[in-house]
Amino acid sequence: MISKLAGFNIFGSPQTEPEKSEVPQEVKTTRARQRVIHSVEARLNERRAFGEKVADALVRWFGNFRFALLNLFFFGGWIGVNLGYVPGVDIFDPPPFILLINVVSLEAIFLSIFVLISQNREARISDLREEVDLQVNMIAEQEITKLINLVAYLLKHLGVPYEKDPELKRMMRPLNTEEIREEIERQLGLPPQK
């Protein structure tokens with residue numbers, strides 16, 4: 001008797017499995033793209049030269065509020081000492097603070113170099129992301145065009161007129177990358193490529 005009741009709830013109705021929530025395909029695609037980009041970015045980070053690692057670490061340090069406060073206290077202390085506000089400490093850089101100007105200039109030069117090194121690396125990663133997005137978008141466009149053509153075939157098979165819709169005709173054509181390149185060049189004012 002018990003084996004006959006297996007699979008039924010207490011009211012005698014058949015038990016059903018709870019519905020599994022499906023993750024939408026676009027979410028799966030976005031997650032997959034993020035994994036690819038993160039994976040490539042992680043490998044690029046591992047392959048950084050020692051100088052790039054140092055530059056990235058310094059830029060992280062220079063780009064926080066503690067570094068700004070350190071500069072404020074250092075330069076404020078320097079000026080205070082050299083204006084004679086700190087008793088017992090000899091003035092070593094009297095106004096107009098030529099030595100301080102040189103220190104600040106050197107700091108600015110090195111900060112700029114480290115930031116540029118870090119930005120160049122980030123630009124390479126950004127270019128990679130854009131290339132992946134372009135490839136995915138072109139594949140998606142090809143798939144959408146194929147689906148539109150399939151729908152048009154079904155409409156034709158069912159006898160539904162669709163041929164007079166100019167927008168639909170345009171959408172049924174495959175993507176012309178050469179046309180897009182020429183339009184971008186025209187908008188940028190570049191001479192046509194031969």
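Taken together, the values in this text are just the output of simple stated rules run on the coordinates, not laboratory data. What you see is a predicted model; the values in this text were computed from it and never measured. Glycine gets a Cβ as well: all are built from the backbone with ideal geometry, and neighbour counts include every protein chain shown.
The table for this structure:
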{"read-out": "Low-density loop cleavage sites - trypsin sites (Lys or Arg not before Pro) in the stretch 39-115, where at most 11 other Cβ are within 10 Å (DSSP)", "value": "Arg47"}
{"read-out": "Cα-based convex hull, the stretch 123-172, per residue volume (Å³, whole number)", "value": "53 Å³"}
{"read-out": "log₁₀ of I(q)/I(0) at q = 0.12, 0.15, 0.25 Å⁻¹ - the stretch 50-139, Debye sum with one point per alpha carbon", "value": "-0.57, -0.74, -1.16"}
{"read-out": "Cα centroid of the stretch 42-120 to Cα centroid of the stretch 131-147, whole Å", "value": "47 Å"}
